[in-house]
Every structure is written in C-alpha cells, then in structure tokens.
Amino acid sequence: MLDRIDHIGVAVQDLDAALELYRDRLGLSVAHREIVQEQGVEAVLLDAGENHVELLAPLGPETPVGRFLAKSGPGLHHVAYQVKDIDAALDAIKAAGLELIDSRPRAGIRGSRVAFMHPRATGGVLTEIVQPAASLVSH
Ligand code: CO
C-alpha cells in the first residue's frame with residue numbers, strides 16, 4: 001500500500017530562518033515554495049536525494065501547524081509515504097481499520113493529492129500519504 005518515503009515534514013516558526021539552516025548551511029537545494037491555503041501553511045520542499053524535506057510555516061495560530069507549534073514547538077511534524085493511487089490507498093487503510101484525519105484526499109503541495117492518518121492509529125507518528133502530480137512521477 002505504501003511506497004517509498006516522499007518527505008518528512010518539519011514545523012518551523014520562521015521559513016527564512018529555516019532556509020538559512022537547511023539551504024545555506026546544510027546545502028540542500030530548494031525544489032519548490034508554495035502557500036497551501038487548504039493546509040494553512042507556507043511550505044518549502046528541499047531535495048534530499050530522491051526524497052524531500054518539507055518545511056512548514058503556519059499562516060496563522062489557528063491552523064494545524066500553528067497549534068502544533070504552540071503545543072510542541074518547532075521540530076519533526078510528519079512522515080509522508082508515496083502512493084500510486086491515493087483513493088485505493090485510503091480504501092485499504094479504512095479496510096485495515098486505521099483511523100484517518102482525512103477520509104478523502106485534499107490538495108497538497110505541487111499539485112499532489114494528500115491525506116493524513118491519525119497519530120492515534122500510527123503509534124504517535126502523524127503519517128501522510130501523497131500521490132504526486134502525474135507530471136512529477138518518476139519511473
Ligand atoms: Co507533507
């Protein structure tokens with residue numbers, strides 16, 4: 001059901017300060033930057049080999065990442081696995097009896113479709129599944 005890890009999500013207070021670390025000091029290159037209104041974040045994807053680090057800065061305090069930062073501070077936020085067919089993956093996750101935050105896919109970064117499983121169902125790890133935009137799928 002799950003393919004390779006697509007990205008890890010990191011919650012940050014300040015995107016530019018985080019870029020100073022990840023891009024300027026650690027040397028990862030920026031692949032994409034986007035405001036994703038549906039998730040209440042401004043996000044930056046950095047290339048790490050064929051995987052990514054996704055920096056997430058909240059658009060406001062009353063967003064999921066804003067609430068996460070208030071509760072836990074900056075740091076590791078979620079792990080995202082690639083799937084080929086997110087609708088089939090969601091059906092399989094439901095059939096496995098695992099609790100979802102999103103029962104239907106929603107818009108993710110770079111034209112992807114994403115859904116989150118509840119950390120209650122996944123041992124405390126907020127887990128995202130992501131079907132990349134067709135134009136970005138490598139074979
Ligand atoms: Co993500």
Suppose all protein chains stay in the model; what accessible area per residue would a 1.4 Å probe give for the chain, in Å²? 53 Å²
If I compute solvent accessible area with a 1.4 Å probe over the protein chains, what percent of it on the chain is carbon and sulfur? 52 percent
For V130, V79, what's the largest-to-smallest order of accessible area, 1.4 Å probe? V79, V130
Using only Cα atoms, find the angle between the long axis of helix 86-95 and the longest principal axis of the chain, and express it within 0 to 90 degrees, rounded to the nearest 10. 60 degrees
So between R33 and L76, what do we pick up on full extension, going 0.36 nm a residue minus the alpha carbon distance? 13.6 nm
Among GluC sites (Glu not before Pro) in region 1-66, those in a DSSP loop whose Cβ has at most 10 other Cβ atoms within 10 Å are E50, E62
Restricting to DSSP H runs of at least four residues, report the calculated mean residue ellipticity at 222 nm for the chain, -39500 (n - 2.57) per run over all residues, nearest 500 deg cm²/dmol. -4500 deg cm²/dmol
Quick check: pseudo-label points 7 Å beyond the Cα along Cα→Cβ at E50 and A134, how many nm apart are they? 2.2 nm
Over the heavy atoms of S29, what accessible area does a 1.4 Å probe trace out, to the nearest 10 Å²? 60 Å²
Taking the Cα centre of the chain as origin and charging only Cβ (+1 Lys, Arg; -1 Asp, Glu), how large is the dipole, in debye to the nearest 20? 240 debye
Rounded to whole Å and ordered largest first, report the semi-axes of the equivalent ellipsoid of region 1-55 derived from its Cα gyration tensor (root of 5λ). 18, 16, 9
Note down the relative contact order for the chain as a percent, whole number, built from C-alpha pairs under 8 angstrom at least six residues apart. 25 percent
DSSP-assigned coil residues among trypsin sites (Lys or Arg not before Pro) in region 33-95, each with at most 16 further Cβ atoms within 10 Å: K84
May I ask for log10 I(q)/I(0) of the chain at q = 0.13, 0.19 Å⁻¹, from a Debye sum over the Cα atoms as equal point scatterers with solvent left out? -0.54, -1.16
Computed over region 78-119, the relative contact order (Cα-Cα under 8 Å, seq sep at least six) in percent reads 32 percent
Using unit Cβ charges (K, R positive; D, E negative) and no other charged atoms, how large, in debye to the nearest 20, is the dipole of region 87-131 about its Cα centre? 120 debye
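The values are calculated or read from the model by the stated rules, or taken from the named source; none is laboratory data. Predicted model only: the values in this text are computed from it and were never measured. As a convention, Cβ positions derive from the backbone with ideal geometry for all residues, glycine included, and neighbour counts pool all protein chains shown. The area values use the complete protein model at the heavy-atom level, side chains included, leaving out ligands, DNA and RNA. Shrake-Rupley method; radii C 1.70, N 1.55, O 1.52, S 1.80 Å.
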